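What follows is a set of notes on a single structure, which appears directly below.
The values are calculated or read from the model by the stated rules, or taken from the named source; none is laboratory data. Computed from a prediction, not measured in an experiment: that's the story for all the values here. For neighbour counting, all protein chains shown are included, and Cβ atoms are generated from backbone atoms with ideal geometry for every residue, glycine included.
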Amino acid sequence: MPLTPTSIIVLGLVERAGSATPYELKLAVAATVGNFWSIPHSQLYAEPERLARAGSLAEQRERSGRRRRRFALTDQGRYELEAWRHEPVNGLPELRDLALLKLFFGADALAVAPTQLAAHRAKLEAYEALAATDDGQGPRGGWLVLQAGIGHEREWVTFWERLADPSAEPMSRGG
């Protein structure tokens, strides 16, 4: 069975947690990879079952109460995840930004920029606050991605600041 990005997210988050319910996966995505990879919640409920049928995850259902399904990595799932980590990546990221789409189709940059600037400043502030908690210990992958996010948000703040400036040259505002 070919692994999709959703498969990898589920396998990776289950590996980090030891085991997880689909609801716990949803919370983990929101707190981690959801900052740079969007995934519909419905996929986080369907994908663990699919991976269990394929032998990548083991499923255990609670015997009483809500009878939640808890998933853990199998040896096969560990192998697949490790193999994926070693595959080279040669593509560029996909950018889906509604504000840029509006600009492309003629929206007034001075009207779009203030809300985008505020949103990117807030995200940058949140990322920088999280980075301040780094003690330099433990796995570095998440912290490396956080540094990429900080750089990304700094560039967006710079971009939207230029567009929000009514005294800027019209071409620099996209006019």
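Taking the options Leu110, Leu92, name whichever one is within 24 Å of Ile8 (Cβ to Cβ), at pLDDT below 95 and either touching a helix residue (DSSP H, G or I) at 6+ places or on another chain (Cβ under 6 Å) or aliphatic (A, V, I, L, M) (or both). First the steps, then the outcome.
On the way: Leu110 fails: within 24 Å of Ile8 (Cβ to Cβ).
Criteria check complete, one pass: Leu92.
Of the numbered conditions (1) over 21 Å from Tyr79 (Cα atoms); (2) out of contact with any helix residue (DSSP H, G or I) (no Cβ under 9 Å at 6 or more places or on another chain), Pro5 satisfies every one except a single condition; which is it?
Only one criterion in (1) over 21 Å from Tyr79 (Cα atoms); (2) out of contact with any helix residue (DSSP H, G or I) (no Cβ under 9 Å at 6 or more places or on another chain) is unmet by Pro5, namely (1).
Within region 126-139, work out how many residues are loosely packed, with under 12 Cβ neighbours inside 10 Å and either within 20 Å of the chain's Cα centre (by Cα) or not acidic (Asp, Glu) (or both).
First, the residues of region 126-139 that are loosely packed, with under 12 Cβ neighbours inside 10 Å: 129, 132-133, 135-139.
Add one more test, that the residue is either within 20 Å of the chain's Cα centre (by Cα) or not acidic (Asp, Glu) (or both), and what stays is 129, 132-133, 136-139.
Total meeting the criteria: 7.
Are there any pairs, at least 6 apart or on different chains, whose C-beta atoms fall under 6 Å, with the first in region 130-148 and in a loop (DSSP other than H, G, I, E, B) and the second surrounded by 10 or more Cβ atoms within 10 Å (Cβ to Cβ), and if so, which?
As it stands, the answer is Asp134/Trp143, since those pairs meet every condition given.
Within region 16-36, can you find the residues that are of a type outside the set (Lys, Arg) and closer than 19 Å to Arg50 by Cβ?
Ala17, Ser19, Ala20, Thr21, Pro22, Tyr23, Glu24, Leu25, Ala28, Val29, Val33
Residues that are within 27 Å of Ala126 (Cβ to Cβ): which helices (runs of 4 or more DSSP H) entirely in region 1-104 hold 3 or more of them?
Numbers: elements: 5-17, 22-31, 41-53, 75-85, 98-104.
Once the helices (runs of 4 or more DSSP H) in region 1-104 are filtered for at least 3 residues that are within 27 Å of Ala126 (Cβ to Cβ), what remains is 5-17, 22-31, 41-53, 98-104.
Exactly one of these conditions fails for Ala107: (1) part of a loop (DSSP other than H, G, I, E, B); (2) surrounded by fewer than 14 Cβ atoms within 10 Å (Cβ to Cβ). Give me its number.
Result: Ala107 fails condition (2) only.
How many of the residues in region 110-125 are among the β-branched types (Val, Ile, Thr) and exposed (fewer than 15 other Cβ atoms within 10 Å of the Cβ)?
Going through region 110-125, the residues among the β-branched types (Val, Ile, Thr) turn out to be 112, 115.
Adding the requirement that they be exposed (fewer than 15 other Cβ atoms within 10 Å of the Cβ) leaves 115.
Total meeting the criteria: 1.
Every residue, every condition in (1) out of contact with any Lys or Arg (no Cβ under 6 Å at 6 or more places or on another chain); (2) modelled with pLDDT of 90 or more; (3) not hydroxyl-bearing (Ser, Thr, Tyr), yes or no:
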{"site": "Glu24", "(1), (2), (3)": "yes, yes, yes"}
{"site": "Ala30", "(1), (2), (3)": "yes, yes, yes"}
{"site": "Ser42", "(1), (2), (3)": "yes, yes, no"}
{"site": "Tyr45", "(1), (2), (3)": "yes, yes, no"}
{"site": "Pro48", "(1), (2), (3)": "yes, yes, yes"}
{"site": "Leu57", "(1), (2), (3)": "yes, yes, yes"}
{"site": "Arg63", "(1), (2), (3)": "yes, no, yes"}
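Quick check on Arg70: is it surrounded by 17 or more Cβ atoms within 10 Å (Cβ to Cβ) and either more than 20 Å from Gly12 (Cβ to Cβ) or in contact (Cβ under 8 Å) with a residue 40 or more places away in the chain (or both)? Lay out the reasoning, then the answer.
Numbers: surrounded by 17 or more Cβ atoms within 10 Å (Cβ to Cβ): yes; either more than 20 Å from Gly12 (Cβ to Cβ) or in contact (Cβ under 8 Å) with a residue 40 or more places away in the chain (or both): yes.
It is true that Arg70 is surrounded by 17 or more Cβ atoms within 10 Å (Cβ to Cβ) and either more than 20 Å from Gly12 (Cβ to Cβ) or in contact (Cβ under 8 Å) with a residue 40 or more places away in the chain (or both).
How about region 86-104: which of its residues are within 30 Å of Arg16 (Cβ to Cβ) and surrounded by 10 or more Cβ atoms within 10 Å (Cβ to Cβ)?
Filtering region 86-104 for residues within 30 Å of Arg16 (Cβ to Cβ) gives 86-97.
Within region 86-104, just Asp97 meets the criteria.
Looking at Ala17, is it surrounded by 18 or more Cβ atoms within 10 Å (Cβ to Cβ), under 20 Å from Trp143 (Cα atoms), of a type outside the set (Ser, Thr, Tyr) and not assigned by TED's automatic domain parsing to the domain that holds Leu130? Can you show your working first?
On the way: surrounded by 18 or more Cβ atoms within 10 Å (Cβ to Cβ): no; under 20 Å from Trp143 (Cα atoms): yes; of a type outside the set (Ser, Thr, Tyr): yes; not assigned by TED's automatic domain parsing to the domain that holds Leu130: yes.
Criteria not met by Ala17.
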